[in-house]
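The next block holds one structure in the form of structure tokens; read it before the comments.
Read-outs throughout are calculated quantities, based only on the coordinates presented, and are distinct from any laboratory measurement. Note that this is a predicted model, so its numbers are computed, not measured. Glycine gets a Cβ as well: all are built from the backbone with ideal geometry, and neighbour counts include every protein chain shown.
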Amino acid sequence: DTGVSQDPRHKITKRGQNVTFRCDPISEHNRLYWYRQTLGQGPEFLTYFQNEAQLEKSRLLSDRFSAERPKGSFSTLEIQRTEQGDSAMYLCASSLRTSGYYTGELFFGEGSRLTVL
Amino acid sequence: TQLLEQSPQFLSIQEGENLTVYCNSSSVFSSLQWYRQEPGEGPVLLVTVVTGGEVKKLKRLTFQFGDARKDSSLHITAAQPGDTGLYLCAGRESGANNLFFGTGTRLTVIP
């Protein structure tokens, strides 16, 4: 297993276009998180899944954003009608939550950098 | 809105110097983590602290969780150029499943 992978690593698009990012978590991890990070800032929480269920969404996640994890494995984050303010690094992370002790460690991918022109 | 404020925001020091980074919040956290992020990569976990007053050491790095579990500090002794990066604290509130990150401290260690 090579860890969390994200695709594409870089995406340049024009304002108003739709974009989709994919995240493949570590295979046995049941939790998957999406964060957004702008230059020099800490990651901002967007949403997370436990298996296929989307359990929490941030107020930052406007109705132009939608995330899915249809089979509890990979996840997609789609942004519709992109705006220049959407330009950021979109980070995916996964973790394993069991009934026992939970370390809470998140394993991050390398991110997908979006530039909206 | 950021729940966790880090200071300083930027820090540039000479190799061999000591430094402390602070992470403060008005919220109480059940656990707090420190991550380090290098350019073009995702954050990587350094440590998790869960008990108020807890101190953990990782080689030249010392992490402390405040008694009230609202703040934390990271102290680096004899900094090395390899310590250069963005240091992020991240807190998890009691009963919450998401992790909120701090504003970050960008450290540069000059050889």
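Chain B: longest stretch without exposed trypsin sites (Lys or Arg not before Pro) (DSSP loop, at most 13 other Cβ within 10 Å), sites themselves excluded?
Working: sites that count: B:59, B:60.
By the stated rule (loop sites, at most 13 other Cβ atoms within 10 Å), B:1-58.
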Check the straight Cα-Cα distances from residue A:14 and name the aspartates and glutamates below 18 Å, setting aside those fewer than 8 residues away within the same chain.
A:78, A:83, A:86
With just the Cα atoms defining each centre, how far is the range B:24-51 from the range B:54-100? Give it in Å.
6 Å
Let me check I've understood the local charge: for residue A:73, count other residues with C-beta under 10 angstrom from its C-beta, Lys and Arg +1, Asp and Glu -1. What total comes out?
0
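Please compute the length gained on full extension between residue B:96 and residue B:50, using 0.36 nm multiplied by the number of residues separating them and subtracting their Cα-Cα distance. Each step should come with its number before you reach the end.
On the way: separation 46, 0.36 × 46 = 16.56 nm, distance 1.41 nm.
Result for the pair: 15.1 nm of gain on full extension.
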Treat each spin label as a single point 7 Å out from the Cα along the C-beta direction, and report the residue A:2 to residue A:64 distance in nm.
3.2 nm
Note on the range B:24-80: C-alpha Rg/Rh, Kirkwood Rh, two decimals, gives 1.00
Report the rotationally averaged projected area of chain A based on its alpha-carbon convex hull, in square nanometres.
7.2 nm²
Normalise the Cα radius of gyration of chain B by 2.2 N^0.38 Å (N = residues in it) and let me know the number.
1.01
Taking a crude spin-label model, label points 7 Å out from Cα along the C-beta direction, the residue A:27 to residue A:55 distance in nm is 2.4 nm
Taking the Cα atoms of the protein assembly as shown, report the difference between the largest and smallest coordinate on each principal axis, in whole Å and largest first.
48, 42, 36
Starting from 0.36 nm per residue, how many nanometres of slack lie between residue B:38 and residue B:20 once their C-alpha separation is accounted for?
4.6 nm
Would you list which lysines come within 24 Å of residue A:11, measuring only between C-alpha atoms, while excluding same-chain residues fewer than 8 positions from it?
A:57
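Of all DSSP beta bridges in the range B:9-111, what percent run antiparallel (nearest 5)? Kindly include the intermediate steps, with their values, before the conclusion.
Working: 33 of 38 bridges.
Taking every DSSP beta bridge within the range B:9-111, about 85 percent pair in antiparallel fashion.
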Approximate spin-label separation residue A:115-residue A:81, in nm, with each point projected 7 Å along Cα-to-Cβ:
2.6 nm
